[in-house]
Amino acid sequence: MGILTALGYEVDHKMSGSTPENPHKLKHSVVKNGLECSGYAAEELKSDPFLAINAIGDPMIPAVAGIAMGSRVPVTLAGGTQMTAVCAVIKSLSPDFDFNSLSIATTIFVSEDETSDINFIINQISDISIIAVDPDFGKSDTEGLVNYTRGSVKEGVGAGGAMLAAILKGIPVDRIRVKTEELCEEIFDN
């Protein structure tokens with residue numbers, strides 16, 4: 001949210017979160033305080049993505065942006081609204097970047113989150129495909145997975161991308177869900 005704000009995008013109340021109650025006021029406050037502590041106003045950072053990242057960013061963002069920009073094959077970014085910041089940095093660094101070779105993979109827990117709007121954010125940047133995987137956790141009896149369907153967690157460090165990769169390799173969603181249930185049981189039984 002900090003990078004997107006610094007680069008001039010409208011993202012307040014648009015970023016996803018990992019709790020049932022999305023703490024928009026807290027996020028806004030953190031970004032505002034981060035900008036104040038950096039000594040810059042958001043307007044001063046609009047044209048300098050590296051300065052914005054240095055002032056209020058995550059070092060993952062330029063690393064992933066560089067990998068995506070330097071790739072000779074299409075790239076799918078695995079994540080939710082945080083990957084929109086990567087796209088914004090790419091656009092800032094290379095306004096003519098071909099976003100047809102880039103997509104974002106996430107889960108329906110992010111794409112259908114009523115407390116955020118990944119599509120609104122990405123449409124400000126470019127025409128970038130968002131692929132949302134439905135792992136069908138609603139069919140699960142595993143408490144942790146059922147909690148996903150109730151708005152807890154929403155994603156897990158690129159879970160949508162990992163599931164998309166499995167689906168593209170021919171693994172059905174039901175098998176992904178069952179294996180995820182098995183792993184949850186194994187973890188919580190130990």
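The values are calculated or read from the model by the stated rules, or taken from the named source; none is laboratory data. What you see is a predicted model, and the numbers here were worked out from it, not measured in a lab. A quick note on method: Cβ atoms are made from the backbone with ideal geometry, for glycine too, and the neighbour counts reach across all protein chains shown.
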Seminar exercise, completed: The condition of being in a helix (DSSP H, G or I), crowded, with 18+ Cβ neighbours inside 10 Å and among the aliphatic types (A, V, I, L, M) holds, among Ala85, Ala105, only for Ala85
Exercise. From the residues in the range 59-94 that are touching a strand residue (DSSP E or B) at 6+ places or on another chain (Cβ under 6 Å) and of a type in the set (Gly, Ala, Ser), which one is farthest from Ile130 (Cα to Cα)?
Worked result: Ala68
Exercise. Is one or more of the residues making up the range 88-95 part of a loop (DSSP other than H, G, I, E, B), among the polar types (S, T, N, Q), surrounded by fewer than 17 Cβ atoms within 10 Å (Cβ to Cβ) and out of contact with any Pro (no Cβ under 8 Å at 6 or more places or on another chain)?
Worked result: yes
For this session: Find the residue count for the range 95-110, including only residues that are among the acidic types (Asp, Glu) and over 14 Å from Arg72 (Cβ atoms).
Result: 1
For this session: Examine the range 147-165 for a residue that is more than 18 Å from Val110 (Cα to Cα), over 15 Å from the mean Cα position of the chain (by Cα) and surrounded by fewer than 17 Cβ atoms within 10 Å (Cβ to Cβ), and state whether such a residue exists.
Result: no
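Conditions (1) of a type in the set (A, V, I, L, M); (2) in contact (Cβ under 8 Å) with a residue 60 or more places away in the chain; (3) under 21 Å from Leu164 (Cβ atoms), marked per residue:
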| site | (1), (2), (3) |
| --- | --- |
| Ile90 | yes, no, yes |
| Phe97 | no, no, no |
| Ser101 | no, no, yes |
| Thr107 | no, no, yes |
| Ser116 | no, yes, yes |
| Ile128 | yes, no, yes |
Seminar exercise, completed: Taking the range 141-189 and the residues there that are at pLDDT 90 or above, among the charged types (D, E, K, R) and outside any helix (DSSP H, G or I), the one that is farthest from Met83 (Cα to Cα) would be Asp141
Seminar exercise, completed: Residues of the range 15-64 being within 25 Å of Ser152 (Cα to Cα), part of a helix (DSSP H, G or I) and in contact (Cβ under 8 Å) with a residue 40 or more places away in the chain, in sequence order, are His24, Ile61
